[in-house]
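Undergrad: Starting off with a structure, shown below.
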Amino acid sequence: MILDLLKKKNKPSDIIKTKLKQMGGEITYTYSTKTKPAENDKLPNIETKLKNTLKSLGIKELYTHQTKAANYAISGKNIIIATPTASGKTLCYNIPTLNSIIKDSNAKALYLFPTKALAQDQLKELQTLINETNEEITVNTYDGDTPKDKRYYIREKTNIIITNPDMLHAAILPCHDKWVKFISNLQYIVIDELHSYKGTFGSHMANLLARLDRICALYGAHPTYICASATIANPKEHAEALTGKEMLLITENGAPSPEKELIIYNPPYIIKKANIRKSSALEVAELATETISQNISTIIFTTSRKNVETLLKLIKEKLITRGENPKKVTGYRAGYLINERRQIEQKLKNGEITGVVSTNALELGIDIGALEIAILHGYPGSIASTQQQIGRAGRRDTKTTAVIIASATPIDQYLAHNPTHLTSAPSETARINPTNPYIMVKHIKCAIKEKPFIKGEKFANNNITQILEYYALNNIVKKETTGDTTTYKWNGTTYPASEISLRNATDATYTIQQREQTEKIGQNIKTKIIGTVDKHYAHTMLYPNAIYTHMGKNYIVTQLDTEHKKCTVTETTTRQYTETISSSSVTITKEIEKSQNIGWGKSIITTTPFMYITKEINTHKKTGQGKIQTPKEETKTTSAWIILPEEIINRRDGIETADAIKSLLQNIIPLYLMCDTKDIEIHEETEKLTNGRFAIYISDTIPGGIGLAEGTYQSCNKILKSCMELLKTCKCQNGCPLCIGAPEADSTPNMKMQTYKTIKQIIEGK
């Protein structure tokens, strides 16, 4: 019987390996971790009633990190818990919160989650624990779906409110006078999934929490922060940057972990000489169909909504071909109705569904029960996300397997041949820039509206007198002086919070309006708004004759109004798309730090679109071209730079070498910066400040910068060494799209080796 159990335990792993061998590709890496037993500690020093409640639920002791976290939080210390997926972080904040309410029925707590789904999931778990206490403790979600007739009751009667940053920003802080009872009794602020607050969103979040801190102080509240995060390189630093509070870090994980296996699989070649492999989507669908058919609970992660629908369709078709029920698998992504997503989560938890195809929407800690297999359609974009997605399987006591099926992208192919980067390299650093001028000044407006500033008062420890004086000069605020005190008050009736999106650095957007076709002469032209585009991207997407795609339909741009930021489009049946060709230049306006030929600082990127090319969707064949006549776009941001060796400028292949290094950096940098390729722009040109030498600039695409240029500078040598490693492991002869880009017909014969030598010279400071 024991032997049968062992066979059953290992069956999913055996099935996967057998299937992968049949598929004909290459298993480039297999990595296993052994079972880790639990490390327990006694229950923390909590109220007897709560202690008895935990024992009634079978919790007679906690994991070591849970006990430590609870004791610290109960003593009033701000903490950040950074432990792996499924390590029980929820109890780390639920125990201190409930303990404070049992001691004082007026005590309050605010839970912040980045998504509504997580909030709903936590509500269920917390309510179960509350029910066992037999105490009159109330918990409610407060978000955009909360009925207006229930909002007063929630504000006045609820002990624990679960919400999201958007609701705190737009509905709670601007109306804080209605929240006096709740805020004045606030004991704890819980911020879960802290690692998700990075980049622009994280920079907004830091300013939002600074506003919350001012309002708490207004009503005499000094809450304790409890933060929880997946594994990142800088959890303490990141938590302190977000909250402005000193944090105690807890990383020791006492939770048990089952045996885990990671497999990296590279699809087979179709044309080996050209480095062309079989579609990774087809390979993912093939493997997922096998595991789902074998009733192995499977989660498939992919990188976009479109990929979710494509994979779901492929898997369902394959299941039908095998005589299986296609309803065994479902999709999960943003855009599905809330009720649909709740039903999917429940069916996964109950085992009614065997497989789910998801974007990173299920990467966060929503409880969807026990899953045996995680299949990742390509690299998710960061080691932190990879660990989160792999960790979604194996949340119980069974052996679990995760498979990464490499796509044809350069990053995926690099990892397929350098797999230890995933298991031995440290997690990435989460980066934010709370003082980004495009972000901070908007939150200062919100803060003035919420509570007037007194001259000399700081915001998030920043001196903002100059900003306040500017607002006063432009009648945005009213400056009043009484005796020795000068006050800055909001001058108007509008809510500045309504003008800010927490996901964008700027609020400048182009409105896209569709011009509907009319058949009758003289009939009024009808238009309707179908979407918006950030101003930063508009100049390369919206121009006369550009083809704009929205909800699967193609539109052609007929008119562009740059003054009022409006774009008019008409629907078209064309099977074409447009590509924009632009000229760009980078000007460093202030050097912040440099070492030898590498540095970073403030910059201006000037972009001028001058031409578009029309191509067929299916064949990518060029069908036409045209001129673009739109104003140049200037973006103030931050940039890192790498100055190439002096000899490059005089070589015949100098420009080709610079292009090759640029291509490598575009592929490798996202591995180190916890960002997407679209978050950075890379240019090469003659360095203006260094006697005409070639330089490569790596720039934040977000106006004002969010720390990616500084991160590039700090990790530059590691990035360059990884570029060299990619060149060594790429199997092409003299360059291909996976390393230095496709070689031109007259390309230098030894360009791949020449690029390697040049990077080595840069590292050596030549």
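The values are calculated or read from the model by the stated rules, or taken from the named source; none is laboratory data. Values in this document were obtained by computation on a predicted structure and should not be read as measured data. Cβ coordinates were reconstructed from backbone atoms using ideal geometry, including for glycine residues, and neighbour counts include every protein chain displayed. These area figures cover heavy atoms from the full protein model, side chains too; ligands, DNA and RNA do not enter into them. Shrake-Rupley method; radii C 1.70, N 1.55, O 1.52, S 1.80 Å.
Undergrad: If you take the residues in the range 96-122 that are buried (at least 19 other Cβ atoms within 10 Å of the Cβ) and among the hydroxyl-bearing types (S, T, Y), which one is farthest from Q187 (Cα to Cα)?
TA: Per the stated criteria, the residue is Y111.
Undergrad: Among the residues of the range 445-483, write down those that are without any contact (Cβ under 8 Å) to a residue 60 or more places away in the chain and aliphatic (A, V, I, L, M).
TA: Answer for the range 445-483, where residues must be without any contact (Cβ under 8 Å) to a residue 60 or more places away in the chain and aliphatic (A, V, I, L, M): I448, I454, I464, I467, L468, A472, L473, I476, V477.
Undergrad: Moving on to the next point. Residues to consider are I598, I581, I556; find the one that is within 23 Å of L708 (Cβ to Cβ) and touching a strand residue (DSSP E or B) at 6+ places or on another chain (Cβ under 6 Å).
TA: I598
Undergrad: Counting residues that are touching a strand residue (DSSP E or B) at 6+ places or on another chain (Cβ under 7 Å) and at pLDDT below 90, which helices (runs of 4 or more DSSP H) fully inside the range 628-733 reach at least 1? Walk me through it before giving the result.
TA: Working: elements: 654-673, 708-714, 716-729.
Fully inside the range 628-733 and qualifying: 654-673.
Undergrad: Suppose the filter is in a helix (DSSP H, G or I), over 30 Å from K349 (Cβ atoms) and open to solvent by less than 10 Å² (accessible area, probe 1.4 Å); does H176 pass it?
TA: When the stated conditions are applied, H176 does not pass them.
Undergrad: Further question: Please determine, by comparing only the residues of the range 338-368 that are of a type in the set (G, A, S) and at pLDDT 85 or above, which one is surrounded by the most Cβ atoms within 10 Å (Cβ to Cβ).
TA: Among those that are of a type in the set (G, A, S) and at pLDDT 85 or above, it is G355.
Undergrad: Within the bounds of the range 601-619, is there any residue that is in contact with an Asp or Glu (Cβ under 6 Å, 6 or more places away or on another chain), buried (at least 17 other Cβ atoms within 10 Å of the Cβ), modelled with pLDDT of 90 or more and within 26 Å of Q666 (Cα to Cα)?
TA: yes
Undergrad: Quick test for you: out of T409, T435, pick the one residue that is closer than 22 Å to L312 by Cβ, surrounded by fewer than 20 Cβ atoms within 10 Å (Cβ to Cβ) and of a type in the set (V, I, T). Walk me through how you get there before you give the answer.
TA: On the way: T435 fails: closer than 22 Å to L312 by Cβ.
Among T409, T435, only T409 is closer than 22 Å to L312 by Cβ, surrounded by fewer than 20 Cβ atoms within 10 Å (Cβ to Cβ) and of a type in the set (V, I, T).
Undergrad: Then there is this: Looking at this structure, is T423 out of contact with any helix residue (DSSP H, G or I) (no Cβ under 8 Å at 6 or more places or on another chain), surrounded by fewer than 19 Cβ atoms within 10 Å (Cβ to Cβ) and either part of a loop (DSSP other than H, G, I, E, B) or not hydroxyl-bearing (S, T, Y) (or both)?
TA: no
Undergrad: Between T310, T303, T289, which is surrounded by 22 or more Cβ atoms within 10 Å (Cβ to Cβ) and out of contact with any Asp or Glu (no Cβ under 7 Å at 6 or more places or on another chain)? Lay out the reasoning, then the answer.
TA: Working: T310 fails: surrounded by 22 or more Cβ atoms within 10 Å (Cβ to Cβ); T303 fails: surrounded by 22 or more Cβ atoms within 10 Å (Cβ to Cβ).
Within the list T310, T303, T289, the selection yields T289.
Undergrad: Right, next: Consider I628 carefully, then state whether it is touching a residue at least 40 places away in the same chain (Cβ under 8 Å) and in contact with a Lys or Arg (Cβ under 6 Å, 6 or more places away or on another chain).
TA: Here the answer is no, as I628 does not meet what is asked.
Rundown of residues vs (1) open to solvent by 10 Å² or more (accessible area, probe 1.4 Å); (2) out of contact with any strand residue (DSSP E or B) (no Cβ under 8 Å at 6 or more places or on another chain); (3) more than 17 Å from L186 (Cα to Cα), yes/no style:
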| site | (1), (2), (3) |
| --- | --- |
| N71 | yes, yes, yes |
| R151 | yes, yes, yes |
| E156 | yes, yes, no |
| I160 | no, no, no |
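Undergrad: Residues in the range 48-89 that are β-branched (V, I, T), in contact (Cβ under 8 Å) with a residue 40 or more places away in the chain and out of contact with any Leu (no Cβ under 8 Å at 6 or more places or on another chain): how many?
TA: Of the residues in that region, 4 qualify.
Undergrad: Based on this model, can you work out whether A117 counts as at pLDDT below 90, small (G, A, S) and in a loop (DSSP other than H, G, I, E, B)?
TA: no
Undergrad: Out of all the residues in the range 92-112, which are under 31 Å from the mean Cα position of the chain (by Cα) and either in a loop (DSSP other than H, G, I, E, B) or polar (S, T, N, Q) (or both)?
TA: N94, T97
Undergrad: What are the residues in the range 196-210 that are open to solvent by less than 20 Å² (accessible area, probe 1.4 Å) and either part of a loop (DSSP other than H, G, I, E, B) or closer than 21 Å to S75 by Cβ (or both), if any? Before the answer, list the steps.
TA: So the first thing to find is which residues in the range 196-210 are open to solvent by less than 20 Å² (accessible area, probe 1.4 Å), and the list is 197, 199-200, 202-210.
Within the range 196-210, Y197 is the sole residue that qualifies.
Undergrad: Here is a follow-up. With (1) touching a residue at least 60 places away in the same chain (Cβ under 8 Å); (2) open to solvent by 10 Å² or more (accessible area, probe 1.4 Å); (3) within 24 Å of the chain's Cα centre (by Cα); (4) under 20 Å from K89 (Cα atoms) as the list, and L129 as the residue in question, which single condition is left unmet?
TA: Only one criterion in (1) touching a residue at least 60 places away in the same chain (Cβ under 8 Å); (2) open to solvent by 10 Å² or more (accessible area, probe 1.4 Å); (3) within 24 Å of the chain's Cα centre (by Cα); (4) under 20 Å from K89 (Cα atoms) is unmet by L129, namely (3).
Undergrad: Follow-up. Which ones in the range 638-662 are open to solvent by 10 Å² or more (accessible area, probe 1.4 Å), under 30 Å from Y438 (Cβ atoms) and among the polar types (S, T, N, Q)?
TA: If the condition is that a residue be open to solvent by 10 Å² or more (accessible area, probe 1.4 Å), under 30 Å from Y438 (Cβ atoms) and among the polar types (S, T, N, Q), then T638 is the only one that fits.
Undergrad: Checking I464 against (1) farther than 29 Å from T701 by Cα; (2) modelled with pLDDT of 95 or more: exactly one of these is not met. Which one?
TA: (1)
Undergrad: Need the failing condition index for T486 against (1) under 18 Å from L173 (Cβ atoms); (2) open to solvent by less than 40 Å² (accessible area, probe 1.4 Å); (3) free of Cβ contacts under 8 Å to residues at least 60 places away in the same chain; (4) of a type outside the set (F, W, Y), just the number.
TA: That leaves (1) as the condition not met.
To keep it simple, each residue is scored yes or no on (1) farther than 27 Å from A374 by Cβ; (2) out of contact with any Phe, Trp or Tyr (no Cβ under 9 Å at 6 or more places or on another chain).
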residue	(1), (2)
Q22	no, yes
L50	yes, yes
G58	yes, yes
N71	yes, yes
T97	yes, no
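Undergrad: I need a count of the residues in the range 24-47 that are open to solvent by 60 Å² or more (accessible area, probe 1.4 Å) and without any contact (Cβ under 8 Å) to a residue 40 or more places away in the chain.
TA: Total meeting the criteria: 2.
Undergrad: Name the residues in the range 211-260 that are basic (K, R) and either open to solvent by less than 60 Å² (accessible area, probe 1.4 Å) or more than 23 Å from the chain's Cα centre (by Cα) (or both), would you?
TA: R211, R214, K245, K260, listed by residue number.
Undergrad: Take the residues in the range 369-398 that are at pLDDT below 75 and either in contact with a Phe, Trp or Tyr (Cβ under 9 Å, 6 or more places away or on another chain) or basic (K, R) (or both); name whichever of them is farthest from V284 (Cα to Cα).
TA: R396
Undergrad: Say whether the condition of being under 24 Å from G705 (Cα atoms), in a helix (DSSP H, G or I) and of a type in the set (V, I, T) is met by at least one residue in the range 241-254.
TA: Yes.
Undergrad: Output the number of the condition that E246 fails; it satisfies all remaining conditions of (1) among the charged types (D, E, K, R); (2) in contact with a Lys or Arg (Cβ under 8 Å, 6 or more places away or on another chain); (3) in contact (Cβ under 8 Å) with a residue 60 or more places away in the chain.
TA: Every listed condition holds for E246 apart from (2).
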